[in-house]
């Protein structure tokens with residue numbers, strides 16, 4: 001069992017993680033940028049360390065090297081990312097491994113795989129997991145639109161960026177006439193947000209239930 005856990009997150013996410021650690025008998029470490037110095041999560045941990053540069057509060061939570069440096073300084077033997085921020089970034093898992101600290105979450109190889117939707121779908125298919133109808137990813141608008149028509153994917157469908165998440169680079173399309181514009185828009189958004197304009201087209205699930213582990 002871990003003796004001290006650094007939670008690389010903020011707010012209610014961090015507070016809940018601290019509560020779980022207390023129940024398991026582990027001490028806790030919070031990190032916070034200057035702008036979060038009065039945040040509840042800082043006060044709920046056994047120890048708290050300021051990170052990042054003033055004026056860039058979000059960037060502070062996205063710095064894997066800085067967070068692991070604090071973990072080492074605090075003597076933490078585990079880092080928990082919560083969700084959002086660095087939870088799906090293999091760089092934090094790799095930095096923890098390099099420092100001899102346990103990353104509470106999937107290994108970096110799993111995060112690398114699932115961080116790209118196209119690779120994740122290919123892995124699911126290879127494992128025999130049922131998947132939705134989709135077309136191969138690309139950056140050629142004409143080819144993507146043509147492939148969607150040839151595959152006879154039923155509408156509605158989604159255009160999705162292969163990288164990133166949070167709904168950026170993703171559009172629902174309800175009719176063939178709106179597909180080209182959606183592809184172009186998603187490519188621009190994906191390129192701006194993730195530095196990768198690659199998108200793919202996938203059958204939409206209407207009224208889904210989202211299950212996250």
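The sole residue among 98, 143, 148 that is free of Cβ contacts under 8 Å to residues at least 40 places away in the same chain, assigned by TED's automatic domain parsing to the domain that holds residue 198 and assigned to a helix (DSSP H, G or I) is 143. Between 95, 99, the distinction of being under 23 Å from the mean Cα position of the chain (by Cα) and surrounded by fewer than 18 Cβ atoms within 10 Å (Cβ to Cβ) belongs to 99 only.
Within the stretch 61-84, the set of residues being surrounded by fewer than 23 Cβ atoms within 10 Å (Cβ to Cβ) and assigned to a strand (DSSP E or B) comprises just one member, 78. Within this structure, residue 177 fails the test of being surrounded by 15 or more Cβ atoms within 10 Å (Cβ to Cβ) and either without any contact (Cβ under 8 Å) to a residue 12 or more places away in the chain or on the phi > 0 side of the Ramachandran plot (or both). Contact map, the stretch 192-203: residues that are in the same structural domain as residue 172 (by TED's automatic domain parsing) paired with residues that are surrounded by fewer than 16 Cβ atoms within 10 Å (Cβ to Cβ) and modelled with pLDDT of 95 or more, Cβ distance under 7 Å, separation 6+ or inter-chain. Pairs shown: 197/139; 198/139.
When residue 158 is tested against the conditions (1) under 18 Å from residue 203 (Cα atoms); (2) touching a residue at least 12 places away in the same chain (Cβ under 8 Å); (3) out of contact with any strand residue (DSSP E or B) (no Cβ under 8 Å at 6 or more places or on another chain), the lone failure is (3). Candidates in the stretch 154-168 are the residues that are buried (at least 20 other Cβ atoms within 10 Å of the Cβ) and not in a strand (DSSP E or B); of these, the one that is nearest to the chain's Cα centre (by Cα) is 164.
Among the residues of the stretch 49-67, is there at least one that is more than 19 Å from residue 91 (Cβ to Cβ) and either touching a residue at least 40 places away in the same chain (Cβ under 8 Å) or not assigned by TED's automatic domain parsing to the domain that holds residue 90 (or both)? Let's see the steps before the verdict.
Our first condition is that a residue be more than 19 Å from residue 91 (Cβ to Cβ); within the stretch 49-67, this holds for 49-50, 54-55, 57.
Then keep just the ones that are either touching a residue at least 40 places away in the same chain (Cβ under 8 Å) or not assigned by TED's automatic domain parsing to the domain that holds residue 90 (or both); that gives none.
No, every residue in the stretch 49-67 fails to be more than 19 Å from residue 91 (Cβ to Cβ) and either touching a residue at least 40 places away in the same chain (Cβ under 8 Å) or not assigned by TED's automatic domain parsing to the domain that holds residue 90 (or both).
Would you be able to say whether some residue in the stretch 42-56 is out of contact with any helix residue (DSSP H, G or I) (no Cβ under 6 Å at 6 or more places or on another chain) and in a helix (DSSP H, G or I)? The answer is yes, given that some residue of the stretch 42-56 is out of contact with any helix residue (DSSP H, G or I) (no Cβ under 6 Å at 6 or more places or on another chain) and in a helix (DSSP H, G or I).
In contact (Cβ under 8 Å) with a residue 24 or more places away in the chain, over 19 Å from the mean Cα position of the chain (by Cα) and surrounded by 13 or more Cβ atoms within 10 Å (Cβ to Cβ): does that describe residue 172? If you could, list the steps in order and put the result at the bottom.
On the way: in contact (Cβ under 8 Å) with a residue 24 or more places away in the chain: yes; over 19 Å from the mean Cα position of the chain (by Cα): yes; surrounded by 13 or more Cβ atoms within 10 Å (Cβ to Cβ): yes.
Yes.
The values are calculated or read from the model by the stated rules, or taken from the named source; none is laboratory data. Keep in mind that what you see is a predicted model, and the values were worked out from it rather than measured. Every residue, glycine as well, gets a Cβ built from its backbone with ideal geometry; the counts of neighbours run over all protein chains shown.
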